[in-house]
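**Student:** For reference, the structure I am asking about is given below.
The values are calculated or read from the model by the stated rules, or taken from the named source; none is laboratory data. From a predicted model like this one, the values you see are computed outputs, not experimental measurements. A quick note on method: Cβ atoms are made from the backbone with ideal geometry, for glycine too, and the neighbour counts reach across all protein chains shown.
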2 protein chains.
Amino acid sequence: MSPRRIDPTLATALLEAAARLLAEEGAAGLTTRRLAAAVGTSTTAVYTHFGGMDNLVRAMVHEGFARLHRRMSTVRATSDAVADVMALGYAYRANSLDHPQLYQVMFGGAALGGFALAEGDRQHGKYTLQPLVDAVARAAEQGRFRAGDPLLVAQNMWIALHGLVSLELGGYLIDPYDADVCFEAQLRSLMVGAGDEYEATATSLARARRRRSPRG
Amino acid sequence: MSPRRIDPTLATALLEAAARLLAEEGAAGLTTRRLAAAVGTSTTAVYTHFGGMDNLVRAMVHEGFARLHRRMSTVRATSDAVADVMALGYAYRANSLDHPQLYQVMFGGAALGGFALAEGDRQHGKYTLQPLVDAVARAAEQGRFRAGDPLLVAQNMWIALHGLVSLELGGYLIDPYDADVCFEAQLRSLMVGAGDEYEATATSLARARRRRSPRG
DNA sequence: CGTGGTTACGTAACATTGTTACTCCATCGA
DNA sequence: TCGATGGAGTAACAATGTTACGTAACCACG
């Protein structure tokens, strides 16, 4: 169109259009030309604002981690720390299911048109994990979990959660045990593995269920 | 070269070259032209033998599942079924680390040049899981695990294992708790979550460790 | 008000990708 | 020996990320 229409919000417009393209058409639909067409500009805008498709995806990943952290932070601490841990699990999975394509890019790692995350990009997980670490520490203080480093315990829970979400999004969890069944069974199993009594996990699970946020 | 050199093993040669390309250069290095150059043929060979790059990757995934199943089948049943379960975990992780790129394609799912697995391709996991299901059932018979459907318990273990391997291959597990530490902590946690006593898992873990195969 | 510098953007091209139409010719059966 | 089959090479097509180049608008001066 008319040249030199300086738009300071073009970078954010590109990001929003990229997020929409990724969500609606998947990783294959996220191309420079379609992105440029979506915001009514040219492909070079991607390079002036981000220096390439890699950095644009990187920015989306950063935003994805920030949103995940925001969602995890909405889980309040209660007198039942195990229920808090489970509520964090629900929040994690709900956020992933709300943005499945983004989640796959965030953790799919290797392949998005040969795109690869940099070393620092992956350490966002550590920062995002903090609410879970706190809840695990409180569960140990309340005598529900075995004594041990909360960071290691929380990391193990995150690993298992990621495994579930990853396989769910990939469509690998099939009948008779679909993702919902596996998820709640895994939550109880994780709590028991951390030291809680099997029977106690039932009431905490019921509490966590009631705290699910409808959408986020 | 000289035309019409009919080579009935060309399909397998393509598969082998594709596996080598994938292993050595990653998903980005696996292109039709490089593949054709590697076996000294033309790009059309991929289409006459596989009907496209998708089906060739599909064939590689099938081979990957078969190899995983073969490796899991080498774990023999002993009088310590919990150690058997852990040994299966070691085998699963070892196979994944031996073929990291293939593993990412098998479970990365969405993105390999817009390639997506078909519905039936993912159900290979169910077949591959059988040795683990058997070991879990025997652990329950021995009174080490809680009563429950072994398929559900095994699936949960597989989910957690996949989470660990997936994050390890992606480089998300960082200091101070690297993948080795997380893996063994997770093994014990899984056994306790399934019903075993925490102290008993230590000796079973030691037994499983001794049974690690050097290379596969 | 005018002028130069900076910078954002569009145009067009390049290399590379998966894919396919067309052709050729070696092999197999009669 | 001759025709049919079908596997493979050549070359093209559309689409991808990326970049060189030109242009024009803004901003800071005088």
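**Student:** Residue check: is A:GLY52 at pLDDT 95 or above and either away from DNA strand C (no atom under 16 Å from the Cβ) or surrounded by fewer than 16 Cβ atoms within 10 Å (Cβ to Cβ) (or both)? Give the derivation first.
**Tutor:** Numbers: at pLDDT 95 or above: no; either away from DNA strand C (no atom under 16 Å from the Cβ) or surrounded by fewer than 16 Cβ atoms within 10 Å (Cβ to Cβ) (or both): yes.
So A:GLY52 fails the test.
**Student:** How many residues, within region A:149-164, are over 18 Å from the mean Cα position of the chain (by Cα) and without any contact (Cβ under 8 Å) to a residue 12 or more places away in the chain?
**Tutor:** Total meeting the criteria: 2.
**Student:** Let me ask something else about it. Only residues that are surrounded by 19 or more Cβ atoms within 10 Å (Cβ to Cβ) and either in a loop (DSSP other than H, G, I, E, B) or at the interface with chain B (Cβ under 8 Å from one of its Cβ atoms) (or both): list them for region A:172-187, please.
**Tutor:** If the condition is that a residue be surrounded by 19 or more Cβ atoms within 10 Å (Cβ to Cβ) and either in a loop (DSSP other than H, G, I, E, B) or at the interface with chain B (Cβ under 8 Å from one of its Cβ atoms) (or both), then A:TYR172, A:LEU173, A:CYS182, A:ALA185, A:GLN186 are the ones that fit.
**Student:** Do we find that A:TYR90 is away from DNA strand C (no atom under 16 Å from the Cβ), part of a helix (DSSP H, G or I) and hydroxyl-bearing (Ser, Thr, Tyr) in this structure? Let's see the steps before the verdict.
**Tutor:** Values: away from DNA strand C (no atom under 16 Å from the Cβ): yes; part of a helix (DSSP H, G or I): yes; hydroxyl-bearing (Ser, Thr, Tyr): yes.
Spelling it out, A:TYR90 is indeed away from DNA strand C (no atom under 16 Å from the Cβ), part of a helix (DSSP H, G or I) and hydroxyl-bearing (Ser, Thr, Tyr).
**Student:** If you check A:LEU102, A:LEU35, A:LEU15, which single one turns out to be more than 10 Å from DNA strand C (Cβ to nearest atom), of a type in the set (A, V, I, L, M), farther than 25 Å from A:MET191 by Cβ and in the same structural domain as A:THR201 (by TED's automatic domain parsing)? Walk me through it before giving the result.
**Tutor:** Working: A:LEU35 fails: in the same structural domain as A:THR201 (by TED's automatic domain parsing); A:LEU15 fails: in the same structural domain as A:THR201 (by TED's automatic domain parsing).
None of the other options fit; the residue is A:LEU102.
Residue by residue, here is whether (1) more than 7 Å from chain B (Cβ to nearest Cβ); (2) farther than 19 Å from B:SER166 by Cα; (3) at pLDDT 95 or above holds:
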position: A:GLY114; (1), (2), (3): no, no, no
position: A:ALA135; (1), (2), (3): yes, yes, yes
position: A:ALA154; (1), (2), (3): yes, no, yes
position: A:TRP158; (1), (2), (3): yes, no, yes
position: A:GLY170; (1), (2), (3): no, no, no
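**Student:** Out of A:LEU22, A:LEU68, I need the residue that is of a type outside the set (Val, Ile, Thr) and in the same structural domain as A:ALA160 (by TED's automatic domain parsing). Which one?
**Tutor:** Working: A:LEU22 fails: in the same structural domain as A:ALA160 (by TED's automatic domain parsing).
After applying the criteria, what remains is A:LEU68.
**Student:** Could you list, in sequence order, all residues of region A:18-32 that are part of a helix (DSSP H, G or I) and within 13 Å of DNA strand C (Cβ to nearest atom)?
**Tutor:** Taking region A:18-32 and keeping what is part of a helix (DSSP H, G or I), we get A:18-25, A:27-29, A:32.
Residues satisfying the conditions are A:ALA28, A:THR32.
**Student:** Looking at region A:168-183, which of its residues are farther than 17 Å from A:TYR92 by Cα and under 18 Å from the mean Cα position of the chain (by Cα)?
**Tutor:** So in region A:168-183, the residues farther than 17 Å from A:TYR92 by Cα come out as A:171-178.
Scanning region A:168-183 gives a single hit, A:GLY171.
**Student:** Would you pick out the residues in region B:76-87 that are under 19 Å from B:ALA202 (Cα atoms) and assigned to a loop (DSSP other than H, G, I, E, B)? Steps first, please.
**Tutor:** Looking only at region B:76-87, we keep the residues that are under 19 Å from B:ALA202 (Cα atoms), and these are B:77-87.
Passing the criteria: B:ALA77, B:THR78, B:SER79, B:ASP80.
**Student:** Is one or more of the residues making up region B:65-87 more than 9 Å from DNA strand C (Cβ to nearest atom), exposed (fewer than 15 other Cβ atoms within 10 Å of the Cβ) and over 30 Å from B:GLU199 (Cα atoms)?
**Tutor:** Checked region B:65-87: at least one residue is more than 9 Å from DNA strand C (Cβ to nearest atom), exposed (fewer than 15 other Cβ atoms within 10 Å of the Cβ) and over 30 Å from B:GLU199 (Cα atoms).
**Student:** Right, next: Look at region A:25-41 and say how many of its residues are more than 8 Å from DNA strand D (Cβ to nearest atom) and either at pLDDT 95 or above or away from chain B (no Cβ under 14 Å) (or both).
**Tutor:** Number satisfying all stated conditions: 6.
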